Every structure is written in structure tokens, then in C-alpha cells.
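To start, the structure itself, in C-alpha cells.
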Amino acid sequence: MKKIRVTQTTMPDMKAFTDELLDIWKSSHLTNMGEKHEKLASQLNDFLDTDHLTLFTNGHLALESVIAALNLTGEVITTPFTFASTTHAIVRNGCVPVFCDIDPDTYTMDPTQIEKLITDKTSAIVPVHVYGTVCDVEAIERIARKHNLKVIYDAAHAFGVTVNGRGIGTFGDASMFSFHATKVFNTIEGGGVTYSDPTLSKALDCMKNFGITGTETVESIGFNAKMNEFQAAMGLVNLPNYERDRAKREAIVTAYNDRLQNLPGVKLMTKQVGVRSNYAYYPVVFEGEGWDRDAVADWLASHDIYVRKYFYPLVNDFDCYKSVYSSRFTPVARRLASQVVTLPLYSELALEDVDRICGLIEAVSPHQLKREESTQAYTV
Ligand SMILES: *Cc1c(COP(=O)(O)O)cnc(C)c1O
């Protein structure tokens, strides 16, 4: 049986990519903000409908850079229900993460829990549009305004998402996107920061290029986080495929929903009003009595279907953080982390495979097992 992984990169037309490569060969300009880099930055800024966009070699360094560029200090309120990168970016900037619990329905930062975590050391809030689900951006903005805090969104999952027609990257002071090969749009590895304040542009350009501002001037202690021409070329050929791939993902999500929505004890994502989703992930929460998330994951793996316990463990339980933090203080996130898996979702996933995956899950539903037991009892 073929292996089905949680995600698989959709490859673009190879000829389109080699055409881009020919240009690179002719120019012999491989990196340092070349022609492809500039073209992609401009196309993405239009596509995401943002004011300004700066490209990076990956999403993580984009996030580290914007935290540095905004001069954040002290405490930063964030969510433990995310990928390691979010918290690491805060800590590597010398700030102290303060974990806020999540909303039980959207899995994003619970705005009603934020204010009690604010101290006179708090400088910012770093929420995550986890699975591409939009945070309560209005409530977060109100709190940030009231307490004079910066807001930086980790929008690594939210490429292409819009809220009432407005680009997701326009909320807060800045947003970070990841263009990693496993994300809905990729530049192999890559990332970007979007923002409205034009003065951030210089600080970000400086940060990603060693702090160099001129041939004889180095103004700050930056690092190297530039996107190269090959990455940008990949982005240029992938971007036109976004809508096609999104439609395929939507069909897969619809097929999953049709099969799983009536399964007792299983919770699926609900559609957010006004949000145009990118269908980045398909999280399923096995919350009902009798369900065992780990057993479901093992059962699927025994059929060569590899789901992910995304996100387990929680960041506040990581070995590198658990001496200081604990998921006990974020009980909603802690429960979710023990119940959730993300099912395979990528544009090339066949609908027959979706059916097979759903059939396997139905087969181990506590409801179904009970029925089998009682029929057995009856026949014996
Ligand atoms: C992928 C991801 C990142 C990091 O992006 P890279 O491009 O892999 O460096 C950060 N945060 C979240 C939530 C992610 O999923």
C-alpha cells in the first residue's frame, strides 16, 4: 500500500521553473535581492493585498527579524498551541514568552485571557492564526491599543486568507508568513513579513543583511536571512497555481466534512463568517468518551497513513521550556493537544484516499465498536 503522509508538496510545471533558471544563468545573479527577488516581493505584496512586504530566506528568521526590528523587550504574550518557531523567535530576541490559553473553538489565542497576563514589562502580543484560522483580530487590537502593545501575527499557516475581503497580513503591526515546502504556497524554504509602517522596511532589510546599510556602513548587529534567486524563482512559478490548488484542497475538505461531521465525539473546524479559507490543514479533535487520539493515529499508521499530532507536545511542555513553564496553566490548549490530529491534506490527495481514511476512522469509532460488540453478543 502506498504511504500517505500528512502533506506533500505540489510540484509546479518543471519547464516553467527551468525557464526561470535560464534567466538566472544569464544574469549570473544568484542572491542579494536580484531581479527574481524583487519581482516576487512585488507580486506577493499585491497578492496578499498588503502595504509592504519584505522577503526572507525562511519564515522563522522573518519572525526573529521583525521582533528585533520592532525593538521588543521584556515580556511577550503568545500561545503555546503552535510550532516551535513562534516561541523560539521571542526567546532568541531576549524576550520572555508569557503563554496565554486558547479559545476552545478556534484554537487561537483567547482574548479574554490576555489582559490578566499584561504587566508593566509586556511589550507585545504574538498570536498565531493556527491552521489558517483567523484570530480574534478585533479584540486583540482593542487590548493592544489600550495597553500600548505591539501585535505581530504568526501567519505562517494563513497565506492567502482574507477577512471580509481584507488580506490577513494587514492586521496588527506586522505578520509573518512562511513559504516552506510544506505550506500552501512555497519558495522551497522562504518567508516574508508584511506591515503597514513604511519605516520598518529599512530595519528589516538591514536585519536580513548583516546590518549593512551602505558599502562602508554597518548600522546594526544583523544576520543573514536573504531569500536567494532560486527560491524566488520557485515562488514565481508557484504563485499562479495558488487558486487551482486551493480549489482542490477545498474539495478534499468538503469530502472529509461529509464523512466525518456526523461521527459522534469528533469535532471538526467550523467555518468562520467572512473568512476565505486557504484550507491549509484539516484538524480533527477526538473529544468524545471512548476515543483515543493516539490509538487512532497508530491505527492509521498501521495502514500506512501518517497523520500528525499537530500540536503535541505544547511548546510550554518542550524539554527546553518545561523547567520554567507548564501546560497546566493553559488547560484548554493542554486538552486539545491530547485530542487533536491533522489528517492528510494536499492538493494531489485523491478523494478515494479521503474515503479510505474516513472509513478507517469510522471503523475505530467507540460508537461503531460498541455496536459490533452488541451484534456479536446477539449472534452468540
Ligand atoms: C512553518 C511555521 C513557522 C516557521 O516557518 P519556516 O518557514 O519553516 O521557518 C513558524 N510558525 C508556524 C506556526 C509554522 O507553522
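The values are calculated or read from the model by the stated rules, or taken from the named source; none is laboratory data. All of these numbers come straight from a predicted model, not from anything done at the bench. Positions of Cβ are backbone-derived with ideal geometry, glycine not excepted, and every protein chain shown enters the neighbour counts. The accessibility values were calculated without ligands, DNA or RNA, using every heavy atom of the protein model including side chains. Shrake-Rupley method; radii C 1.70, N 1.55, O 1.52, S 1.80 Å.
Laid out as a table, the results:
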read-out	value
Cα-based Rg of the stretch 1-137 normalised by 2.2 N^0.38 Å, two decimals	1.36
Residue of SER201, SER220, SER347 that the Gaussian network model of the chain assigns the largest fluctuation, springs spanning Cα pairs under 10 Å	SER220
For the chain, share of DSSP beta bridges that run antiparallel, in % to the nearest 5	65 percent
Net charge, THR31 excluded, C-beta distance under 15 Å - Lys, Arg +1, Asp, Glu -1	-3
Estimated FRET transfer efficiency when R0 is 41 angstrom, pair VAL96-LYS309 (beta carbons, to 0.05)	0.90
Computed E for LYS26/ALA181 - FRET, C-beta separation, R0 30 angstrom, nearest 0.05	0.70
Contour minus Cα-Cα distance for PHE318 and VAL218 (0.36 nm per residue)	32.3 nm
Where the stretch 172-251 is the region considered: accessible area per residue in Å², 1.4 Å probe	41 Å²
Rg in Å to one decimal, and Dmax rounded to a whole Å, for the chain via C-alpha atoms	22.0, 88
Additional length obtainable on full extension of the chain from ASP105 to ASP355, 0.36 nm per residue less Cα span	87.4 nm
Lysines with Cα under 29 Å of LYS2, excluding same-chain neighbours fewer than 8 positions away	LYS15, LYS183, LYS248, LYS267, LYS309
Separation in nanometres of the label points that stand 7 Å from Cα toward Cβ, at SER196 and LYS3	4.6 nm
GluC sites (Glu not before Pro) lying in DSSP loop within the stretch 115-197, provided at most 12 other Cβ fall within 10 Å	none
Separation between Cα centres of the stretch 237-313 and the stretch 165-228, rounded to whole Å	30 Å
Those trypsin sites (Lys or Arg not before Pro) in the stretch 319-380 that DSSP places in a loop and that have at most 14 other beta carbons within 10 Å	LYS322
